[in-house]
Ligand SMILES: Cc1cc2nc3c(=O)[nH]c(=O)nc-3n(C[C@H](O)[C@H](O)[C@H](O)COP(=O)(O)OP(=O)(O)OC[C@H]3O[C@@H](n4cnc5c(N)ncnc54)[C@H](O)[C@@H]3O)c2cc1C
């Protein structure tokens, strides 16, 4: 326990914020979380309308080991909070040209059969590839993911210098996968995980092949009642250990005196003092709105030059009919793979031939839709910062619904929609203060990963820290939970790179 109870303010109740609140509260700090919105969870909030319960953001529960370890670290058993189902198949992939679909599992035997049927001889390659991906996942967990970086030598240490060639840091995921598999469909299936990291496969460094182990070996899971149960469980643990979570409490400024933070000013005008402030809010917003320009570690030009992860065009659909063609997760891949990534990352425009993702949690969980109806979350990755009019969104909505009807076996879909909400770039800006309305934050290019990703400690303001997707290790629910552990290590001055065994 601490000798004197230090007070910590955390700005934002996203995964990073509430996970850090739980760790610090358990350690004995007095913790107050201030969240601008009326729910916890950050990008993982809920919409409840007409008997439908929509998870607003994340829908792929992956890396269950990370969540399990995190709850264990807090002295809790995650299974007392969540009932998890391993999805089988993990997802279904539809192809526009072939008019057929393929199911992928987290089961090596089933996938081997499928891979061989698509590309003879590829089952063996898949097994070898996944063995290597697993090895890299284990190295990453031990050496990179839970580590704080102080200098470039923390990245290029003895082990990475020895392993570096095999980790293929300088090679892109696109090249690694394309040299292993010849079939277009298999290449796309192995590459699409990079989009979850907010990066085009050609820009994702080889270290991210660990994502294929995450997908194909560790599996895709679902907590009963939906993803929101996860942040709810973390917040419950944080509150159990004494953290206070204040909703509808937007923060206006981080107060700094003599180069040390002394607390925050809320939009309401209230001043709250603290020994330590941690921001889980979008890092650009933290540095350029909550702080004075002169106290920010990264200039406006730095941010303008960053490669942002995509934003998203999302539709939450309540549909008065169930569609047998869908599984819990279904994907429709673009035929023009390279040019559609260009339209998302390099020369922003609405993709002419988009890829889409449809989540139908009502396939697994009847509690998220009225009986006999379907809860659909439809997502199309689009460029951050993309401009549009309300008319464009309606037009695009029709384009996407047409694609679903034509290529995903959902004939008559449009006639059965009884609830529809569109969510896009400007909503991310408004709801989360997200830079350029990115859905995810800084993309995981090599120049924006590990040592090169913004640090979780301010260089200019004492006792100011950062947590969440724009710091290390980066994007995704499990990864932001890990960011809480790395921020905790910073605050507690712990230099061990491995996951913590106790707090
Ligand atoms: C559409 C979508 C789909 C995704 N799919 C997946 C998936 O399937 N699986 C997965 O693992 N990950 C997924 N992700 C990524 C994952 O959701 C995020 O990486 C993660 O939730 C980010 O957490 P964070 O800690 O960075 O906080 P955020 O979620 O960014 O939360 C930050 C919080 O700070 C608050 N805030 C901002 N400014 C202020 C202020 N001035 N005062 C007070 N509060 C403020 C915001 O309101 C917000 O609640 C998805 C994300 C999106 C958007």
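Of all residues in segment 425-440, one or more are assigned to a loop (DSSP other than H, G, I, E, B) and under 30 Å from residue 494 (Cα atoms). What residue, among those in segment 271-293 that are outside any loop (DSSP other than H, G, I, E, B) and without any contact (Cβ under 8 Å) to a residue 60 or more places away in the chain, is farthest from residue 424 (Cα to Cα)? Applying the filter and picking the extreme gives 271. When the criteria are applied in full, residue 99 meets the requirement of being outside any strand (DSSP E or B), modelled with pLDDT under 95 and not assigned by TED's automatic domain parsing to the domain that holds residue 274. Within the option set 48, 39, being away from the ligand (no atom under 16 Å from the Cβ), outside any helix (DSSP H, G or I) and either in contact with a strand residue (DSSP E or B) (Cβ under 7 Å, 6 or more places away or on another chain) or within 24 Å of residue 370 (Cα to Cα) (or both) holds for one residue only, 48. No other residue among 471, 486 is within 11 Å of the ligand (Cβ to nearest atom) and either assigned by TED's automatic domain parsing to the domain that holds residue 293 or surrounded by 23 or more Cβ atoms within 10 Å (Cβ to Cβ) (or both) apart from 471.
Restricting attention to segment 254-284, report how many residues are away from the ligand (no atom under 12 Å from the Cβ) and in contact with a helix residue (DSSP H, G or I) (Cβ under 7 Å, 6 or more places away or on another chain). Adding up the residues that qualify gives 2. Consider segment 441-468 and keep the residues that are within 11 Å of the ligand (Cβ to nearest atom) and outside any loop (DSSP other than H, G, I, E, B). The one that is nearest to residue 208 (Cα to Cα) is 442. Under the condition of being assigned to a helix (DSSP H, G or I) and in contact with a helix residue (DSSP H, G or I) (Cβ under 7 Å, 6 or more places away or on another chain), which residue from segment 294-343 is nearest to the ligand (Cβ to nearest atom)? My answer is 303.
On the basis of being surrounded by 23 or more Cβ atoms within 10 Å (Cβ to Cβ), within 12 Å of the ligand (Cβ to nearest atom) and part of a helix (DSSP H, G or I), does residue 54 make the cut? No, not satisfied.
Within segment 345-366, work out how many residues are within 28 Å of residue 318 (Cβ to Cβ) and in contact with a helix residue (DSSP H, G or I) (Cβ under 9 Å, 6 or more places away or on another chain). Spell out the reasoning first.
Pass one, segment 345-366, residues within 28 Å of residue 318 (Cβ to Cβ): 350-351, 353-366.
Checking the rest, the ones that are also in contact with a helix residue (DSSP H, G or I) (Cβ under 9 Å, 6 or more places away or on another chain) come to 350-351, 353-358, 361-362.
Of the residues in that region, 10 qualify.
Output the helices (runs of 4 or more DSSP H) that fall wholly within segment 182-253 and possess 3 or more residues being in contact (Cβ under 8 Å) with a residue 24 or more places away in the chain and either at positive phi or within 12 Å of the ligand (Cβ to nearest atom) (or both), or say none.
Of the helices (runs of 4 or more DSSP H) lying wholly inside segment 182-253, those with at least 3 residues that are in contact (Cβ under 8 Å) with a residue 24 or more places away in the chain and either at positive phi or within 12 Å of the ligand (Cβ to nearest atom) (or both) span 229-240.
The values are calculated or read from the model by the stated rules, or taken from the named source; none is laboratory data. Bear in mind that the values here come from a model prediction, so they are computed numbers and not experimental data. For neighbour counting, all protein chains shown are included, and Cβ atoms are generated from backbone atoms with ideal geometry for every residue, glycine included.
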